[in-house]
Amino acid sequence: MYYVLMKDRDIRDNLATEQYLMNNVEFDEPLVLFYIEGPCIIVGRNQNTLEEINSDYVKEHNITVTRRISGGGAVYQDLGNLCFSFVVDSNDKNFGDFKSFTQPIIDALHQMGATTAEVSGRNDLLVDGKKFSGNAMYSKNGKTFSHGTLSLDVDLNVLTDALNVSADKIASKGIKSIRSRVTNLRPYLAKEYQDLTTEQFRDRLLLELFHVDNLEDIKDKEYVVSPEEQKDIDKIKEQYYYNWDWVYGQSPKFTAKQRKHFDMGTVDVRYNVEEGKIENVEIYGDYFGMKDTTDIKEKLTGVKFDHDSILSVLDQFDLDSYFKGIPQDELVKLFTP
């Protein structure tokens, strides 16, 4: 087995590296990758991004959002989380057999004291019945990767807030995440591992996976991305993980609505969105205005359904002429995701 320790702390860069190594580098043994990243949300390939995230919270807290090429549900990660990924020939494993991929991780955690860690259901890892890992899988051109999260010390309050979306705000046919009871691994580890940093936790797992006492003993098994390979990885980053059309535009067709009562009347905004762009918008309510909102609706049609794009349209109008007495900043909140 070979291994890669990614140094970058941006999920988009790490997913691009994983994708490149799977599709472009031939290994004569399985490959395991470990990566750590700052606060981010990764939605599954078949999900509606905006249906999974609390957009206001995500924007306020500068949380990176991207979409992965594998299926499954949305996950939140921060520097207290460790990601792992096993890359193998497709013939070596059955697609969807998460247990065979994750069992080495479970065995390693048992050695570190988390003896109740287990594979559960379709693709989750549990400890004392609580979820600490979600896993997803992807296969192409004879290769398969199975990647997952390991919550060592994730901020669970941020996780809850960042992934909390009102059920009546957005409706679509996207694959919705199922919220589970989640926990961190740290309290379940043996005493000597209680104070490990995420990087130290990664290194300890690596030693357990390779059954060695020192990383120097497996240095010949480490794969390091070359500068030339990095150039190709950068192209993947721009094509997928930094690309608005991939992250948001790939979402299934959906409707979005927001309604709020103000002292000067109620405003109800409803969107139909397809490929991440506004296909149609309706504005209802008992508000007063000298001008007809048809002008605003026409300008919004065809615009990307994101905060900045909608704001750039609203900035073209004197909103008080359309919604008398309603504060502009409150209207912006109402109109934007």
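The values are calculated or read from the model by the stated rules, or taken from the named source; none is laboratory data. Note that the structure is a prediction, hence the values are computed from the model and not measured. Note: accessible area is taken over every heavy atom of the protein model, side chains too, but ligands, DNA and RNA are not part of it. Shrake-Rupley method; radii C 1.70, N 1.55, O 1.52, S 1.80 Å.
Per-residue surface analysis assigns SER100 an accessible area of about 40 Å², computed on protein heavy atoms at 1.4 Å probe radius. Here is the size of segment 1-124 from its Cα atoms: Rg then Dmax, 15.6, 46 Å.
Starting from the Cα gyration tensor of segment 57-118, take the square roots of the eigenvalues, sort them a ≥ b ≥ c, and report rounded, prolate or oblate (rounded when a/c is under 1.5, otherwise prolate if a/b is larger than b/c, else oblate). Taking the square roots of the gyration eigenvalues as a ≥ b ≥ c, segment 57-118 is oblate. Just the protein heavy atoms count here, and of the accessible area of segment 228-281 at 1.4 Å, carbon and sulfur take up 41 percent. Here's how it looks for GLU37: its modeled amide H is under 5 Å from those of ASN81, which are all 5 or more places away or on a different chain. Here the Gaussian network model covers the chain, with springs between Cα atoms less than 10 Å apart; of ALA114, ALA136, ALA162, ALA114 fluctuates the most. Computed 3J(HN,Hα) for segment 37-47, one whole-Hz value per residue from the Karplus formula 6.51 cos²θ - 1.76 cosθ + 1.60 where θ = phi - 60°, is 9, x, x, 7, 10, 10, 8, x, 4, 9, 9, glycine and proline marked x. For segment 3-27 versus segment 273-337, the spacing of their alpha-carbon centroids is 41 Å.
To put it simply, the accessible area of segment 1-61 at a 1.4 Å probe is 43 percent carbon and sulfur. Relative to the globular-protein estimate of 2.2 N^0.38 Å, the Cα radius of gyration of segment 102-164 stands at 1.27.
What number does segment 23-94 give for Rg over Rh if you use C-alpha atoms and the Kirkwood radius? Radius of gyration over Kirkwood radius for segment 23-94 works out to 1.06. I want to verify a result. In a Gaussian network model of the chain, Cα cutoff 10 Å, which of these has the top mean-square fluctuation: GLN103, GLN19, GLN47? For the chain, modelled as a Gaussian network with Cα springs under 10 Å, the answer is GLN103. Build a GNM of the chain with springs between Cα atoms under 10 Å: which of VAL273, VAL119, VAL313 gets the top mean-square fluctuation? Judging by the Gaussian network model, the answer is VAL313. With angles folded into 0 to 90 degrees, how steeply does helix 198-210 sit against the dominant principal axis of the chain? Use alpha carbons for both and round to 10. Taking Cα atoms only, the helix is inclined about 40 degrees. Beta bridges per DSSP, both residues in the chain: antiparallel share near 85 percent.
Over all pairs of different C-alpha atoms in segment 186-229, the reciprocal of the mean inverse distance, the Kirkwood hydrodynamic radius, equals 12.2 Å.
When the alpha-carbon atoms of segment 198-337 are used, the pair Rg, Dmax equals 24.9, 77 angstrom. A 1.4 Å probe run over the chain, with the rest of the protein chains in place, finds 48 Å² accessible per residue.
Relative to the current alpha-carbon distance between SER226 and THR160, full extension at 0.36 nm per residue lengthens the span by 20.0 nm. Computed on segment 16-77, with alpha-carbon pairs under 8 angstrom and 6+ residues apart, the relative contact order is 42 percent. Entry note, the chain: the mean residue ellipticity at 222 nm calculated from DSSP H runs of n ≥ 4, each adding -39500 (n - 2.57), is -7500 deg cm²/dmol after division by the residues and rounding to the nearest 500. Pairs of C-alpha atoms in the chain farther apart than 26 Å represent 53 percent of all such pairs. Computed 3J(HN,Hα) for segment 265-280, one whole-Hz value per residue from the Karplus formula 6.51 cos²θ - 1.76 cosθ + 1.60 where θ = phi - 60°, is x, 9, 10, 10, 10, 10, 10, 10, 10, 9, 6, x, 10, 6, 8, 7, glycine and proline marked x.
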